[in-house]
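Each remark here refers to the structure printed beneath this line.
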Number of protein chains: 2
Amino acid sequence: MSEYAFATFLHACQARVEHVLDTHLPTNDQPPGQLHAAMRYAVLGGGKRLRPTLAYAAAHACSIPLEQIDTAATALELIHAYSLIHDDLPAMDDDDLRRGRPTCHKAFNEATAILAGDALQTLAFYVLAQDKMNPPAVRVRLIEQLAHASGSLGMVGGQALDLASEGVELDLVMLENIHIHKTGALIRASVNMAATTAPHLSIEQRTALDHYAKCIGLAFQIQDDLLDVEGETAIIGKRSGQDIAHQKATYPALLGVKPAHEAAANLVNEALASLRLFDDNADALRNIAEYIIKRDH
Amino acid sequence: MSEYAFATFLHACQARVEHVLDTHLPTNDQPPGQLHAAMRYAVLGGGKRLRPTLAYAAAHACSIPLEQIDTAATALELIHAYSLIHDDLPAMDDDDLRRGRPTCHKAFNEATAILAGDALQTLAFYVLAQDKMNPPAVRVRLIEQLAHASGSLGMVGGQALDLASEGVELDLVMLENIHIHKTGALIRASVNMAATTAPHLSIEQRTALDHYAKCIGLAFQIQDDLLDVEGETAIIGKRSGQDIAHQKATYPALLGVKPAHEAAANLVNEALASLRLFDDNADALRNIAEYIIKRDH
């Protein structure tokens, strides 16, 4: 896929999920208005929409119409948005900037931010349960996958491991374990949920997609760490240098900056290799893998 | 049902859901251990188990075997437990005592309490999605009901309205609106989810159960307010007099103590009247209605 075609694809996915999210989110004129305003503020405030984009790209790779994965894409982004609200809270990472704007608890208040996060998580499962584009047997499997990826054995567990690791000297295995859970699980679910809506897929194809997702999930995190070292606050939209300030273990800190770049590149190559079972329809997935280590925010 | 038989029934429901909860909760030796310990601490630390008990009693009224509602009962209690953890946080109600023990953020820390609440919510939907006792079409309906009852248009919305009302002079309609959402929605879901697993129920029976649940939900809240005025910290297991301390509107404050008792009794009578479509199998529901205004904690 040309750089132009890929940029068009990314933009189309972002616009598409933005529209579906807007449809599913309660409006500010429904009480409680402030809660709904906080939910919309946190979700509709931009962002890369990596998880929905991955879901759409994986659906395309599986020859599934994008309508069939709209709700899963929405649910993934709702879970991601709720986790960002809670991670930014003073008791957690204590961040005041996100996507270039005040974090939810800064723009509203802490109580509203906690509740907005809670309600966004609930909404994710609500929309999946109501997803008329997939039969109930597929819907329960999607809910199971999303819940497993985001619960205490997935994303939330990763955040708990991450918090517990502050000030602790981590080795590479421990660091990888945090990221496999904290960001990797939901990225993996984004691809695997799309595969769940495709009944005709072979087991080999499912395993290949899962492996692709595992590799790019880790590459994504390495790049995130690199951006924290090398990026500028204005471009990445959140304060850079936070990892050093919090004495957090990172890939560049453990490996060095250049080997961290190489590790990310190797993972992307592994991800690309596992897509050999797929035809041109998987080109968007291929471009995403490359984009992940090229991005500057 | 005799007082003795009802006490036996309550105890059996509590023991039953405690066992199922224990089975579904991750153990402390699975990492992250502290997160799992906090989840278990918050869920398995006693409590009345009103919502599971209501679900079991409603299932019995519908001649549904209790096994069929075990997972829904578990999910209801997981949602309830997560909401208590988050409500107790410093940014919310700032309580340090719950069920006679330190609240989760006091026993652990704030970050762990936020994450434990998040993971318990996720787990509720996970267990429902995996519930092998009900077909997928019933499972998605159960998930939909639970999510609707606990999201921004239900429980979380009620908590947001409640927080927004501190220091504001409320009338009875506004107070009732808070409680219909904050506690009423999940109590109503407890009964309605049991009805969802009973395919043979008539629409009249479903409506009657829903009305029963609406009435006892409100009666429960009035009694809660009365206990805050009249109860003793040692018995109710949380600090009494907190509503006055937080300048919160309550039924006894708006109506007076005696009329508040009468209002609760009237609601219980209305609940009982709506069960006339049901036979002796609904006796546990009848006893619960009466228990709600007799309880001292």
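When B:A111, B:A124 are checked against the criterion of being without any contact (Cβ under 8 Å) to a residue 12 or more places away in the chain, in a helix (DSSP H, G or I) and among the hydrophobic types (A, V, I, L, M, F, W, C), a single residue qualifies: B:A111. Between A:S190, A:S152, the distinction of being buried (at least 21 other Cβ atoms within 10 Å of the Cβ), small (G, A, S) and part of a loop (DSSP other than H, G, I, E, B) belongs to A:S152 only. Look at (1) in a helix (DSSP H, G or I); (2) modelled with pLDDT of 95 or more; (3) in contact with a Ser or Thr (Cβ under 8 Å, 6 or more places away or on another chain); (4) more than 8 Å from every other protein chain (Cβ to nearest Cβ) and you find that B:R141 fails only one, number (4). So in the stretch B:11-70, with the set limited to residues that are more than 17 Å from the chain's Cα centre (by Cα) and among the acidic types (D, E), which one is nearest to the other protein chains (Cβ to nearest Cβ)? Ranking the qualifying residues of the stretch B:11-70, first place goes to B:D29.
Applying the criterion of at least 1 residues that are of a type in the set (V, I, T) to the helices (runs of 4 or more DSSP H) found wholly in the stretch B:245-297 leaves B:257-274, B:283-294. Scan the stretch B:145-179 residue by residue and report those that are more than 12 Å from chain A (Cβ to nearest Cβ) and under 15 Å from the mean Cα position of the chain (by Cα). Within the stretch B:145-179, B:H179 is the sole residue that qualifies.
Screening A:L170, A:L227 for residues that are closer than 21 Å to A:D88 by Cα and at pLDDT below 95 leaves exactly one candidate, A:L227. If you filter the stretch A:98-139 down to residues that are of a type in the set (S, T, N, Q) and either open to solvent by 40 Å² or more (accessible area, probe 1.4 Å) or within 27 Å of B:E110 (Cα to Cα) (or both), you find that the one that is farthest from the chain's Cα centre (by Cα) is A:N109. Would you check if B:A219 is within 14 Å of another protein chain (Cβ to nearest Cβ), part of a helix (DSSP H, G or I) and open to solvent by less than 40 Å² (accessible area, probe 1.4 Å)? No, not satisfied.
Residue-wise test of (1) closer than 16 Å to B:V156 by Cα; (2) of a type in the set (S, T, Y).
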site	(1), (2)
B:Q68	no, no
B:T74	no, yes
B:Y82	yes, yes
B:D95	no, no
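The values are calculated or read from the model by the stated rules, or taken from the named source; none is laboratory data. Everything quoted here is computed from the prediction, not taken from an experiment. For neighbour counting, all protein chains shown are included, and Cβ atoms are generated from backbone atoms with ideal geometry for every residue, glycine included. Each accessible area value is taken on the protein alone, full model and side chains, heavy atoms only, with ligands, DNA and RNA left out. Shrake-Rupley method; radii C 1.70, N 1.55, O 1.52, S 1.80 Å.
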